[in-house]
Amino acid sequence: YDPTEDTVKSTSLSVIISVVYFVYEGLMLTSRGQTVGKRMMKIRVAMLENGAVPAGRPGWARAAVYSLPEIVPCCGFIFWLVNVLWCTWDKPYQQCLHDKGARTVVVAAR
């Protein structure tokens, strides 16, 4: 039994999941501003400056800051945790770090 082999498999799976989620999130945000979950929650991601769909670079930047840090061993999870909790004390827009990086905000969908 080689524990290193299990670690490599686990790390590989984490990287694959993160990359797949990054692509899914990026495609959904840049095309409609919502993932399936956001649509069910009746929220969407909008550009802070004008409320538009974050097409192109902003949508991909938001997806990258949200999903890709988890690839980094040890500190990836800590960054993700701080990132998603950031909105609890951020004023006035209650943005997480991935929103700040992309200059987006989560708003109610019509």
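Accessible area per residue, 1.4 Å probe, Å², for the chain: what's the number?
Accessible area per residue: 65 Å².
At residue 55 and residue 43, where each label point lies 7 Å from the Cα along Cα→Cβ, what is the point-to-point distance in nanometres?
Going by the 7 Å Cα→Cβ label model, 2.5 nm.
Name the residues whose placed amide hydrogens come within less than 5 Å of the amide hydrogen of residue 33, ignoring near sequence neighbours (fewer than 5 apart) on the same chain.
The list, which skips near neighbours in sequence, is empty: none.
Go through segment 53-63 residue by residue and turn each phi into a ³J(HN,Hα) via Karplus (6.51, -1.76, 1.60, θ = phi - 60°); whole Hz please, and just put x for glycine and proline.
These are the phi-based 3J(HN,Hα) values: 4, x, 5, x, 3, x, x, 5, 5, 4, 4 Hz.
Which cross-chain or sequence-distant (5 or more) residues have an amide H under 5 Å from the amide H of residue 48, H modelled 1.01 Å from N in plane?
Answer set, sorted by chain and number: 104, 105.
Order of 20-32, 79-91, 55-67, 39-51 by packing, highest average Cβ count within 10 Å first?
55-67, 20-32, 39-51, 79-91
What is the distance, in nm, between label points placed 7 Å from the Cα along the Cα-to-Cβ direction at residue 16 and at residue 81?
The two pseudo-label positions are separated by 2.7 nm.
Within the chain, how many Lys pairs that are eight or more residues apart, or on different chains, come under 30 Å at the alpha-carbon?
Close lysine pairs found across the chain: 5.
What is the percent carbon and sulfur in the accessible area of the chain, measuring with a 1.4 Å probe over the protein chains and ignoring ligands?
The computed percentage sits at 67.
Per DSSP helix of 4 or more residues, -39500 (n - 2.57); summed, then divided by the residues of the chain. What does that give at 222 nm, rounded to the nearest 500?
Helix contribution divided over all residues of the chain: -18500 deg cm²/dmol.
Can you run phi through the Karplus equation (6.51, -1.76, 1.60; θ = phi - 60°) for segment 26-43 and list ³J(HN,Hα) in whole Hz, with x for Gly and Pro?
Once rounded to whole Hz, the list reads x, 5, 5, 5, 6, 9, 9, x, 9, 8, 4, x, 5, 4, 5, 7, 6, 10.
The values are calculated or read from the model by the stated rules, or taken from the named source; none is laboratory data. Since the structure is predicted, the reported quantities are computational estimates derived from the model, not experimental observations. Please note: Cβ atoms are built from the backbone with ideal geometry, for glycine as well, and neighbour counts cover all protein chains shown. When the accessible area is computed, the model is the full protein with side chains, heavy atoms only, and any ligands, DNA or RNA have been set aside. Shrake-Rupley method; radii C 1.70, N 1.55, O 1.52, S 1.80 Å.
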